[in-house]
Amino acid sequence: MGERVAVVGCGQTRHQATRGDVSIAGLVREAAMRALEDAGMTWADIDAVVVGKAPDFFEGLMMPELYLAEALGAVGKPMLRVHTAGSVGGSTAIVASSLVSSGVHKRVLTVAFEKQSESEAMWALSLPVPFSQKLVAGAGGFFAPHIRAYMRRSGAPEDTGILVALKDRLNACKNPFAHLHQPHITYESIRDSMMLWDPIRYDETCPSSDGAFAMVLADEATGD
Amino acid sequence: MRDVAVVGTAQSAHARRIDDRNEVEMLMPVLQELKDGLGVTQADLDFTCSGSTDYLAGQGFSFVGTLDGVGPYPPISESHVEADGAWALYEAWVKIQTGAADTALVYSYGKSSPGELPRVLSRQLDPYYYGPLWPDSLSLAALQTRALLDSGKATERGLAEIAVRSRAAAKDNPFATVSGDFDVDEILAEDHLVAPLRKHDCPPLSDGAVAVVLAADGRARELTENPAWIRGVEHRIDVHALGLRDLTDSPSTRLAAEAAGVSDGPVDVAELHAPFTAQEVILREAMGLSDDVDVNPSGGALAANTMMAAGLVRIVEVANRIAAGTARRGVAHATSGHCLQQNLVCVLEAS
């Protein structure tokens, strides 16, 4: 359908628990500038900016695209912010891609980020809702029942999560941008780590990371 | 580009408080009225996009709960912007342009009543330099109004006349929060709220919801005899730092209006999302609207200002007048952020 879209540049920051050395603007610029450099472009080459981020309570900053207009070279340009909850990284890329495939824009900068160290994720996930049972559950607390139900329905082995965590964490040792570098991790060390929300153990759980990832998407002519 | 039209609209009454219903309960009747009016079900809608903010709901991922009002089973193709529904409409329009959808449901909503909106909106500011000072939305609008008065582009009397005209026009709007006949001299005699703003210069607090269905080409003509075609929809953003902009102007509105082709034809009606009286003056100039253009016959945001919906409501009010045949071509505007930082302009036209 429509125009072909190419990823012509990408860039990311090192992901870690706290990027205390940069503001939110600094964090996203780091990724965006790497993506522009990878694409051989400057800010002036970009037609539109699409930002993606999960709940604003994770940074305590409402509608961050407003604050980031200057930092992402978006002044005078169209700027969108996508928020589809946990899927937002993917949705942001879809929206950015749609802007090119529809023919609306030729070159789009898209950035997804979180700087959760600015706020407190457990608090942000546990705000009480009127007439609802108060749950201080965290993300894992909500997923755990679904995981258990799936395991019982499908007969998936009990250690499936352990094997996935082992594979991913060992792969991460080859990725200089990854938050967790755990070269000494083993099947046993994961299995023996603290159980958080049965069946999810501490070492099977994602970390809370500060980080940003940016891409430059472009039409066929630009790609050529 | 595909021809895309607004084929149906619905909105709730925008009330000072909707205490007896949560967001889902507030939205469901609006969606049902819209779908029933068009004779469609959720299955007929290829894409759904909503606009809302967690900071009003007081809960992360709040829009996910509101999807219950849409009936997302079997699973639907859906997206969301944490902004006014006008930007959700833009995303849906782009989706249709890709060819991945021929129809889209767009909705947005907000409840300001549970919190202190002016303080909540201070969280939209740079969290390092502005946020810690807690500048509320009224105070920032007051800065912009002061700048406009000092520039000579407006007077306090002129702003009061905008307020009086808007609330009088809203008498014909069954969804308005505030409407009626006010006397310019009487309201000018009231004390300032945050100088130079008086109560009449400010929007009411409103809870409510709005929804539209978009459709492309022949599908639009199947769904309605009077589609309101979107001839142009564009948005731009200005610099965030208040000290780096001229608060008496709106460059992003000017750019969006030019790109959308506002001046390509006559403007029979303009709905401008101006929650503060000074902002109507700024927007009229930035959009190049002549004095004889009918601005905000609905009463505008000075009559009803449901956060996250008031911009989409402007598009709805223009589309409705085109569908009713009282306007052939109109312009709708939506804004986001303090002091008109980000602006969207939509040009609509009858067949």
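Data overview
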quantity: Sites A:Glu220 and B:Glu186 - FRET efficiency at Förster radius 41 Å, r taken between beta-carbons, to 0.05; calculated: 0.05
quantity: Mean Cα-pair separation over length for chain B, i.e. relative contact order, pairs under 8 Å, 6 or more apart, %; calculated: 25 percent
quantity: Relative contact order computed over region B:84-199 (Cα-Cα under 8 Å; 6+ residues apart), in percent; calculated: 16 percent
quantity: Cβ-defined net charge surrounding A:Leu163, 13 Å radius [Lys, Arg +1; Asp, Glu -1]; calculated: -2
quantity: Residues B:Thr9, B:Thr41, B:Thr335 arranged by fewest to most Cβ contacts within 10 Å; calculated: B:Thr41, B:Thr9, B:Thr335
quantity: Neighbourhood charge, 13 Å Cβ-Cβ cut-off, centred on A:Gln116 and excluding it, Lys, Arg +1 and Asp, Glu -1; calculated: -3
quantity: Residue mean of other protein chain beta carbons inside 10 Å, A:99-109; calculated: 3
quantity: Qualifying chymotrypsin sites (Phe, Trp or Tyr not before Pro) in region A:119-224, DSSP loop, other Cβ atoms within 10 Å at most 10; calculated: A:Phe131
quantity: Helical contribution to [θ] at 222 nm, DSSP H n ≥ 4, -39,500 (n - 2.57), averaged over chain A, rounded to 500; calculated: -10000 deg cm²/dmol
quantity: Region A:1-118: Rg to Rh, with Rh as the Kirkwood radius over Cα pairs; calculated: 0.95
quantity: Relative frequency of Cα-Cα separations exceeding 27 Å in region B:198-333, percent; calculated: 21 percent
quantity: Dipole magnitude of region A:92-211 about its Cα centre (Cβ charges: Lys, Arg +1; Asp, Glu -1), debye to nearest 20; calculated: 480 debye
quantity: Along each principal axis, Cα extent of region A:84-210, largest first, Å; calculated: 52, 47, 35
quantity: GNM flexibility winner over chain B from B:Glu190, B:Glu156, B:Glu33 (Cα, springs under 10 Å); calculated: B:Glu190
quantity: Region A:34-177, relative contact order [Cα under 8 Å, separation at least 6], %; calculated: 24 percent
quantity: Mean Cβ count within 10 Å, highest first, over the residues of peptides B:259-265, B:302-308; calculated: B:302-308, B:259-265
quantity: For B:Trp229, B:Trp93, B:Trp134, B:Trp87, order by how many other beta-carbon atoms lie within 10 Å, fewest first; calculated: B:Trp134, B:Trp229, B:Trp93, B:Trp87
quantity: Magnitude of the charge dipole, chain B, Cβ model with Lys/Arg +1 and Asp/Glu -1, debye to 20; calculated: 220 debye
quantity: Size of electric dipole in the protein assembly as shown: Cβ of Lys, Arg +1 and of Asp, Glu -1, about Cα centre, debye, nearest 20; calculated: 880 debye
quantity: Sequence-distant lysines (8 or more away, or on other chains) whose Cα lies within less than 24 Å of B:Lys95; calculated: A:Lys53, A:Lys77, A:Lys106, B:Lys35
quantity: For chain B, built as a Gaussian network whose Cα springs stay under 10 Å, the top-fluctuating residue of B:Leu244, B:Leu56, B:Leu148; calculated: B:Leu244
quantity: Between helix B:156-169 and chain B: long-axis angle, C-alpha atoms, 0 to 90°, nearest 10; calculated: 30 degrees
quantity: For chain B, built as a Gaussian network whose Cα springs stay under 10 Å, the top-fluctuating residue of B:Gly39, B:Gly288, B:Gly85; calculated: B:Gly39
quantity: Exercise: per-residue mean of other protein chain Cβ atoms within 10 Å, A:52-60; calculated: 4
quantity: For B:Gln342, distant residues with modelled amide H under 5 Å away; calculated: B:Asp238, B:Ser336
quantity: Approximate spin-label separation B:Ile76-A:Ala17, in nm, with each point projected 7 Å along Cα-to-Cβ; calculated: 4.2 nm
quantity: Dipole-positive endmost among A:Ala221, A:Ile190, A:Gly76 within chain A (Cβ charges, Cα centre); calculated: A:Ile190
quantity: Estimated inter-spin distance, B:Ala43 and A:Val164, nm [label 7 Å along Cα→Cβ]; calculated: 3.3 nm
quantity: Residue-averaged beta-carbon neighbours from other chains (10 angstrom radius) around A:68-79; calculated: 6
quantity: Whole-percent pair-distance distribution, where bins are 10 Å wide, for the alpha carbons of the protein assembly as shown; calculated: 4, 17, 28, 27, 16, 6, 2, 0, 0
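Any read-out appearing in this document is the output of simple, stated calculations on the displayed coordinates, not a laboratory observation. Keep in mind that this is a model prediction, so the values were computed, not measured. Glycine also receives a Cβ, built like all others from the backbone with ideal geometry; neighbour counts cover every protein chain displayed.
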